[in-house]
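Visitor: Dumping the structure here so I can ask a few things about it.
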Amino acid sequence: MKIKTIVISKNGGPEVLELKESNIESPSQDEVLIEHVAIGLNFIDVYHRSGLYPVQLPSGIGAEGSGIIKEVGSNVKDFKVGDRISYSGQPLGAYSSHRIFPTKDLVKVPENIDLEVAATLMIKGLTSFYLLHKTYPVSSGETILFHAAAGALGQIFCQWAKSLGCTVIGTVGSDKKIDLAKKNGCDYVINYSKENFPEKVLELTNGIGVPVVYDGVGKDTLEGSLECLKIRGMMVSFGNASGPLSDINVQKLIQPKGLYLTRPSGAQYFRTRNELDEGAKLLFEKVGNGEIKIEIFKKYKLYEVVQAHTDLENRKITGPSVIIPN
């Protein structure tokens, strides 16, 4: 069977993404063949392409997708041909019309969830789940800080946090993103390109600080985020959108307030089928009942993947976006 897929043979800019045609075999005993309906577009794809997160080359790319099962392996019992599914995780290769994927990382998508929406949920939605329920389990009434609140992850996270009763302070990089962040659950929005966000956060919290900061921006916000924390607060660093983190001076930045610092990823929180199903079930419930509303910002064709990555890096994508393979 002939399929279309995006391959990277070397690390670099968007231009290293190549559209190729290849053959695909039948799935092995614990795998399924998926026909993609939609593919999630995520900033982690840029890290894989650039080499910031090394992958063995040549490689497929893309860690999230949704579709229909077309064939199942001999040992597969929990899934059948025709099931609507979504997934995130390794091995990479979601940027394709079809692919083989292990069932251990698949989840079934309820009928009331559109598959294009489902393709935007698995990484960003499950990230929001573990950040809010596992890494630092928030409580109703707490005030929390989330950076890049108008981004695709931020829009899901802030709606979810608001549904749990949190007061949400969000940061954005430009004034035009303020209304979007507020629309998606932020009570207060700080433009950190204009304002001193640690000063503003301390002002909003009467000088106490917040119990937790969720920071996917990285280098540009790390030290300011630590300033925002209250005594024994937790710094949750989970991304590098502005560049890799520099070394941290523990004596200067951590010790004075007895802070906690953690660097979580989904691989640590979804190690078993039960953990994955727990997160997916709650995620689909939140979306299904309208507590989290998803508006797809843009759709790209597979042959437009270079433009998609260019837009991603230039911060032109301001909401969940997908690649449509067919």
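Visitor: Give me the distance in nm between label points sitting 7 Å out from Cα along the Cα-to-Cβ direction at Arg315 and Gln29, one decimal.
Guide: For Arg315 paired with Gln29, the spin-label model returns 5.2 nm.
Visitor: Using 28 Å as the Cα-Cα cut-off, could you pick out the over-long pairs in Lys10/Lys293; Lys10/Lys299; Lys124/Lys162?
Guide: As for pairs spanning more than 28 Å Cα to Cα, those are Lys10/Lys293.
Visitor: Between the range 238-294 and the range 127-178, how many Å separate their Cα centres?
Guide: Spelled out, the Cα-based centre of one part sits 11 Å from the other.
Visitor: Where a ≥ b ≥ c are the square roots of the eigenvalues of the C-alpha gyration tensor, would you call the range 124-266 rounded, which needs a/c under 1.5, or, failing that, prolate if a/b is larger than b/c, or oblate?
Guide: Note, shape of the range 124-266 comes out rounded.
Visitor: Return the percentage of antiparallel bridges among DSSP beta bridges fully within the chain, rounded to the nearest 5 %.
Guide: Once the DSSP bridges in the chain are tallied, antiparallel ones form about 60 percent.
Visitor: Pairs of alpha-carbon atoms within less than 8 angstrom and 6+ residues apart define the contacts here; what relative contact order does the range 124-266 have, in percent?
Guide: 20
Visitor: Could I ask something else about it? Over the chain, what relative contact order in percent results from Cα pairs under 8 Å that are six or more residues apart?
Guide: 17 percent.
Visitor: I've got another one for you. What is the packing order of peptides 103-113, 154-164, 181-191, taking the mean over residues of other C-beta atoms within 10 Å and listing the highest first?
Guide: The peptides rank, most packed first, as 154-164, 181-191, 103-113.
Visitor: Could you state the angle between the C-alpha long axis of helix 152-163 and the longest principal axis of the C-alpha atoms of the chain, as a value from 0 to 90 degrees rounded to the nearest 10?
Guide: 60
Bear in mind these aren't lab numbers, they're just calculated from the coordinates by the rules spelled out. Remember, it's a predicted structure, so these values are computed and weren't measured experimentally. Heads up, the Cβs are rebuilt from the backbone with ideal geometry, glycines too, and the neighbour counts pull from every protein chain shown.
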